[in-house]
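J.: Would you mind keeping the following structure in view while I ask a few things?
The values are calculated or read from the model by the stated rules, or taken from the named source; none is laboratory data. Predicted, not measured: the structure shown is a model, and the values here were computed from it. Don't worry about glycine lacking a Cβ; one is built from the backbone with ideal geometry, like all the others, and counts go over all protein chains shown.
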Amino acid sequence: MSVSRGVTVRVPAKVNVRLAVGGARPDGYHDLANVFLAVGLYDEVTVAEAAAPAVTCEGPGADQVPLDRTNLAVRAAELLAARHGITPNVHLHIRKDIPVAGGMAGGSADGAGALLACDALWGCGSSREELLSLCAELGSDVPFSLVGGAALGTGRGELLTPLEVGGAFHWVFAMADGGLSTPAVYAEFDRLNRGTEVPPPAAPPALLEALRTGDTAGLADALGNDLQPAALSLRPSLAATLAAGTEAGALAGLVSGSGPTTAFLVKDAEAAESVAAALRASGTCREARPALAPAPGATVVAGG
């Protein structure tokens, strides 16, 4: 099945430079103060008209990507089609480069990419606000995948306030073997905090100022992830990866989102290459890749 005459959207991964998590709400979600930063690792989603709905996937971890209605890209196409009275007869092809189940919002990226691509293919002309509303229906991280850059996500992460970024930040991402279930990590967070008073989540002013001014050292000092203890509890081997990255010269390291990808902030491009090489040689991760942030959100790169 050809997708050469379709619409292709490129969409970035994300790192949570500060993920503050509140206690469990009655609906099972957690209130968050989630400082998102889009990074230059990308998936591409191509959509083309087809006789019947279909989804295919290629790239690292493609065998772990569901090819049914649980895939957020499929759900995005169905949601937009239902909104406009369209039959969603499209072939969705996902080219993966964002780690699968790695805490970098790869599935959310694919949902945002499919939404934008289908909107262009079908000529829906949806406003940004309409697309963001649909993104929020799909999942907490999907709106940020659409907008990119940097933003503070509140509520369950879907309510976005854009943040100013005053420079480029160099990162290295260490990919672990296998994934971690986000619901399982949140459940472990609840278990670890049972019987304690979990404070309301908030983004540290020092971190927001470091982003605004492009202060790499200041950002390194302010990084944090309230889910990291839960991720380390479920995957203790991540501690060795964090140690290897910081010993190799990273300014700071943390688990990205719910993990198991670990993220290391470094001072420049040369340091990024050095830390990535050291992580690969350490035997504590499957792969290590440099990336620059911030990155643009979902963007049509072909067709449309």
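J.: Mind listing just one residue for me: the one in segment 4-25 that is surrounded by fewer than 21 Cβ atoms within 10 Å (Cβ to Cβ) and assigned to a loop (DSSP other than H, G, I, E, B) and, of those, modelled with the highest pLDDT?
T.: The selected residue is R25.
J.: Restricting attention to segment 127-162, report how many residues are of a type in the set (D, E) and surrounded by fewer than 21 Cβ atoms within 10 Å (Cβ to Cβ).
T.: The number of residues fulfilling the criteria is 3.
J.: State all residues of segment 76-100 that are in contact with a helix residue (DSSP H, G or I) (Cβ under 7 Å, 6 or more places away or on another chain) and crowded, with 19+ Cβ neighbours inside 10 Å; if no residue qualifies, say none.
T.: Once the filter is applied, which keeps residues that are in contact with a helix residue (DSSP H, G or I) (Cβ under 7 Å, 6 or more places away or on another chain) and crowded, with 19+ Cβ neighbours inside 10 Å, segment 76-100 yields A76, A77, L79, L80, P88, V90, L92, I94, K96, I98, P99, V100.
J.: Output the residues belonging to segment 32-55 that are more than 21 Å from the chain's Cα centre (by Cα) and surrounded by fewer than 20 Cβ atoms within 10 Å (Cβ to Cβ).
T.: Across segment 32-55, the qualifying residues are E49, A50, A51, A52, P53, A54.
J.: Can you give me the number of residues within segment 127-170 that are in a loop (DSSP other than H, G, I, E, B) and either small (G, A, S) or in contact (Cβ under 8 Å) with a residue 40 or more places away in the chain (or both)?
T.: Adding up the residues that qualify gives 14.
J.: Hey, which of the helices (runs of 4 or more DSSP H) in segment 188-234, taking only ones fully inside, have at least 1 residues that are closer than 21 Å to D268 by Cα and free of Cβ contacts under 8 Å to residues at least 60 places away in the same chain?
T.: 205-213, 216-222
J.: To continue, here is another question. Scan segment 101-126 residue by residue and report those that are outside any helix (DSSP H, G or I), surrounded by fewer than 21 Cβ atoms within 10 Å (Cβ to Cβ) and aliphatic (A, V, I, L, M). Spell out the reasoning first.
T.: Looking only at segment 101-126, we keep the residues that are outside any helix (DSSP H, G or I), and these are 101-105, 123-126.
From what is left, the residues that are surrounded by fewer than 21 Cβ atoms within 10 Å (Cβ to Cβ) are 101, 123-126.
A101, the sole residue that qualifies.
J.: Now a separate question. Conditions first: (1) out of contact with any strand residue (DSSP E or B) (no Cβ under 6 Å at 6 or more places or on another chain); (2) crowded, with 24+ Cβ neighbours inside 10 Å. V266 passes all but one, so which condition is the exception?
T.: Against the list (1) out of contact with any strand residue (DSSP E or B) (no Cβ under 6 Å at 6 or more places or on another chain); (2) crowded, with 24+ Cβ neighbours inside 10 Å, V266 comes up short only on (1).
J.: If G178 satisfies all but one of (1) out of contact with any strand residue (DSSP E or B) (no Cβ under 6 Å at 6 or more places or on another chain); (2) buried (at least 19 other Cβ atoms within 10 Å of the Cβ); (3) touching a residue at least 60 places away in the same chain (Cβ under 8 Å), what's the number of the condition it fails?
T.: (2)
J.: Mind checking whether some residue in segment 281-293 is under 21 Å from V165 (Cβ atoms), under 19 Å from the mean Cα position of the chain (by Cα) and in a loop (DSSP other than H, G, I, E, B)?
T.: Scanning segment 281-293, I find no residue that is under 21 Å from V165 (Cβ atoms), under 19 Å from the mean Cα position of the chain (by Cα) and in a loop (DSSP other than H, G, I, E, B), so the answer is no.
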